[in-house]
Amino acid sequence: MRRLFAVGVSALVWAAAAAAAQPHQQVVLPGPVPYLTPNPPLIGTTALPQVYMTVRLHVASDQRVLVGVDGEGRPVQVSDRQRLIVRGKGDYQLAIGGPIRDVHPAAGTQSSPGLRTDQLLWAGFSPGRKVLAADVIVRTEVAAKYLPLRLRLKRDGGRAILTVANATQTPQRLYAGTVRLPELGRLLDETRRASLAGVRLTGTYATFIGSVRTNRLVTISAPLRVQGELRLPGQAPVRFDRILGDGRPESFQVSVRGSGTPAVHLEAKPAAVVRLLRPPGASSWAEAVRRRPLSPADLLERLMTTRMQLVRADQFQSFLSDPDADGKSRTVYEFRTVAVRPHPAATATHTGGGSDVLLIVLLVVGSLALAGGGLVAWAHS
Amino acid sequence: MRRTVVVLAGLALLVSGCGKSGRASGGDVVVAVDVPVTGSPYVAETIRHGVALATSGINSGGGLIIGTHSYHLRIKLYDNHLSARKAVEDMRSALSAGAVAIVTDGTGVDATWQIANQKHVPICIVYDGGSGLVDVAKRPNVFRIAPTNHGIAFRYAEYLIPKGLKIGLLHDDSAYGQEGSADINRAFSQNPRSVALRMTLPAEATDLSPQILRARRSGATALLVWAQPPTIAEVLTAARSLGWSVPVYTPPTGADPFVRQRLADHPSWVDGLTFAGSRLTAEVGTAPFESFQSQYESTYGADKVGVRTAEGKQVVQPPELAMYAYDFAHVLTAALTRAGSLDPAKVLSALNQVTTQGANGDERGFNQHSHEGVVDDDVYFARFHDMTYAPVKDDPLSSTLPAIPQTR
């Protein structure tokens, strides 16, 4: 027994010594940046002019993206009512890029927005607080790619079915390795606190013991809260309120019985990661890792994926960029069925493209005919 | 011998490669300046100087570069005599001379913009802030770098209404006064209690005592006078002669040297006169404007007001209007370069897209929705004391601005 004890102690000492002998690496964890993909925020085709903002100024961005969808749920028009709240006293000269077709002053604005090719401009002086609000009409064909939801509306016999899917999914590589449980517990608690408070993650790192591997691909999505209704003429609307992601399905269906053209109206906003960050059987992760044996590998994966989900959610809080990188940004996406009336410019562009193709085909055919005719004439001359 | 020839030929090639510019000369590019040389000489001269200072700087730096050619900017001066009819004649002459743009104080733009627009030639107003003059939808070729009446009126409402004053809104019957009056009425329409009376003053009158007496009896505790410089001088003369120390507020015309010249014998009557203008300095400080002012004065001399301070120092006028004209010349050059052509339509389109650094350090440019180069937020207030002025301290923007030296 004594020998067994001695062997056990020796093994523990050896394991501790071996761990101490392995190199330690501090690895930066995901968040608050970089974002997982380049867009959103939307970007335009022109280089932005120099942006100037007095250091004392802070700008918060509040956006409502209005998406008009057709009878099948496809986006046909996208605009963004962006409201910037400038706090502090001083000068500002701001430029926001994007596939911008036009801008108009929105209700409550204390200044008029300027427009250049793919740029929304604000310039002036803030006496302490200033509201800059604009309705920004964006090019649908570009902006629609970066909306967080895909809708599909279809009729199936006597029912209209709406499918709502999370479109924020993106593949990402995960780190794997050995991190001590107490540190993982602390980091998960920090991440959970930030998520529940609705604030941006702060940069942090984990201490890896031994090698760090980055070989596993996972799919990351922003959790989204989706609330709305599906309606048929003369029928009571079917209301829904779901979370997509955060350990729940990434899509859902709603159906309504009846005839006529279905109409959908819903709001989606990036949500907190709640479910995946709930500590099992304890009030905190620090307590949970003390209470029961938890797999460090699983906890590390949870920490990495939930932080990436929060980064992804934060990314969709800025459909148009906030000129203040540290400013608080909020975006609500509102989808609504609209009568399909393609934008004249979009129609013109499409027609123009078609004409070009037709012109090229005609030119090629004409050239061939002319060359052939010439050849025949030459052969007979 | 053959080796020597080769070496000499090589040297010759090297020397030719070290020339100032390899670009071919494209000739002259004409910028027309149409200003009231005989109607308002100070305004005319300072605008002309502003454009000339910019173009001479560009010319001496290698000229205007468009593609593979270098062009020399040439100014053609026209005198509109403050007459719309003469401005139309000038416009036709300028277009015949091939002008790529017209810089004007604003005289006759209501009549000239269509003539210029037929050839897509841009007009830039650098003095008149009249609201109807610039209209992106109706007048796509008209731009402005000067504070707008609209901006000044609304900034005055924002500044004066919280003071709880009973304001007499006076304007003269000149076109300038009537246009400004419309904007002032709009700005104060939400707060009629702040207005003690509205009154039109005859612009040619030499004694406004009856009108000012009436304003005093209306209970006015402040006067906002939107008028030409002679009327402002007459209002001050009448009020102070009556022993009425009412605060007087004016648009930028209050800073015109004429007011101080007229009241040179009574400097104390000018004290307290407050005018609105566009800030001369940017957040970066006074250095860029002072550098521009020094460049201006070394070329043309200081614009002397013709009055002295109590200490006997000569008072000079900061070259504000010259700055606007100077900035437009630079924005125009940037647009020409961006357009890569002298095609007026391309230049007009490029004017909506370019930005340059203005003489005061601020960014200067226009855009598709606003052909205004001065934003309303940049309107500040300054008050006279001892024949010079300094930004007021009771307005958030103005209180952040430094005073510009005005004595020599």
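The values are calculated or read from the model by the stated rules, or taken from the named source; none is laboratory data. From a predicted model like this one, the values you see are computed outputs, not experimental measurements. Don't worry about glycine lacking a Cβ; one is built from the backbone with ideal geometry, like all the others, and counts go over all protein chains shown.
Within segment A:20-77, the set of residues being closer than 30 Å to B:THR356 by Cβ, of a type in the set (Gly, Ala, Ser), part of a loop (DSSP other than H, G, I, E, B) and touching a residue at least 40 places away in the same chain (Cβ under 8 Å) comprises A:GLY44 only. Of B:ALA94, B:ALA157, B:ALA203, all but one fail to be in contact (Cβ under 8 Å) with a residue 24 or more places away in the chain, buried (at least 23 other Cβ atoms within 10 Å of the Cβ) and not in a strand (DSSP E or B); the exception is B:ALA94.
Apart from one condition, A:VAL226 fits all of (1) closer than 17 Å to A:GLY31 by Cα; (2) buried (at least 19 other Cβ atoms within 10 Å of the Cβ); the exception is (1). Of all the residues in segment A:190-208, those that are part of a helix (DSSP H, G or I) and buried (at least 18 other Cβ atoms within 10 Å of the Cβ) number 4.
Of the residues making up segment A:151-170, those that are within 13 Å of the chain's Cα centre (by Cα) and either aromatic (Phe, Trp, Tyr) or part of a strand (DSSP E or B) (or both) are A:ASN166, A:THR170. Within segment B:49-90, the set of residues being under 12 Å from B:VAL103 (Cβ atoms) and part of a helix (DSSP H, G or I) comprises B:HIS49, B:GLY50, B:VAL51, B:ALA52, B:ALA54, B:THR55, B:ASP90. Kindly evaluate B:ALA329 against the criterion of being surrounded by fewer than 21 Cβ atoms within 10 Å (Cβ to Cβ), of a type outside the set (Ser, Thr, Tyr) and over 30 Å from B:THR274 (Cα atoms). Here the answer is no, as B:ALA329 does not meet what is asked. Residue by residue through segment B:280-310, note down the ones that are surrounded by 13 or more Cβ atoms within 10 Å (Cβ to Cβ) and of a type in the set (A, V, I, L, M, F, W, C). If the condition is that a residue be surrounded by 13 or more Cβ atoms within 10 Å (Cβ to Cβ) and of a type in the set (A, V, I, L, M, F, W, C), then B:LEU280, B:ALA282, B:VAL284, B:PHE289, B:PHE292, B:ALA302, B:VAL305, B:VAL307 are the ones that fit.
In summary, strands (runs of 3 or more DSSP E) completely within segment B:271-383 and bearing 2 or more residues that are more than 14 Å from chain A (Cβ to nearest Cβ) and modelled with pLDDT of 95 or more occur at B:274-278, B:303-308, B:314-317. When B:THR274 is tested against the conditions (1) in contact with a Lys or Arg (Cβ under 7 Å, 6 or more places away or on another chain); (2) more than 27 Å from B:ASN360 (Cα to Cα), the lone failure is (2).
Filtered by the rule that a residue be part of a strand (DSSP E or B), within 27 Å of B:SER399 (Cα to Cα) and facing chain B (nearest Cβ under 7 Å), segment A:109-130 gives A:GLY114, A:LEU121, A:ALA123, A:GLY124, A:PHE125, A:PRO127, A:GLY128. Of all the criteria given as (1) modelled with pLDDT of 95 or more; (2) touching a Gly at 6+ places or on another chain (Cβ under 6 Å), the one not satisfied by A:LEU196 is (2). When segment B:384-405 is filtered for residues that are away from chain A (no Cβ under 11 Å) and either modelled with pLDDT of 95 or more or closer than 23 Å to B:ASN117 by Cα (or both), the ones remaining, listed by number, are B:PHE384, B:HIS385, B:ASP386, B:MET387, B:THR388, B:TYR389, B:ALA390, B:PRO391, B:VAL392, B:LYS393, B:ASP394. When A:SER283, A:SER221, A:SER259 are checked against the criterion of being surrounded by 14 or more Cβ atoms within 10 Å (Cβ to Cβ) and among the polar types (S, T, N, Q), a single residue qualifies: A:SER221. The condition of being within 17 Å of B:ARG144 (Cβ to Cβ), assigned by TED's automatic domain parsing to the domain that holds B:GLU372 and modelled with pLDDT of 95 or more holds for only one of B:ASP34, B:ASP90, that being B:ASP34. Annotation: of all residues in segment A:87-108 being under 24 Å from the mean Cα position of the chain (by Cα) and part of a strand (DSSP E or B), the one that is surrounded by the fewest Cβ atoms within 10 Å (Cβ to Cβ) is A:ASP102.
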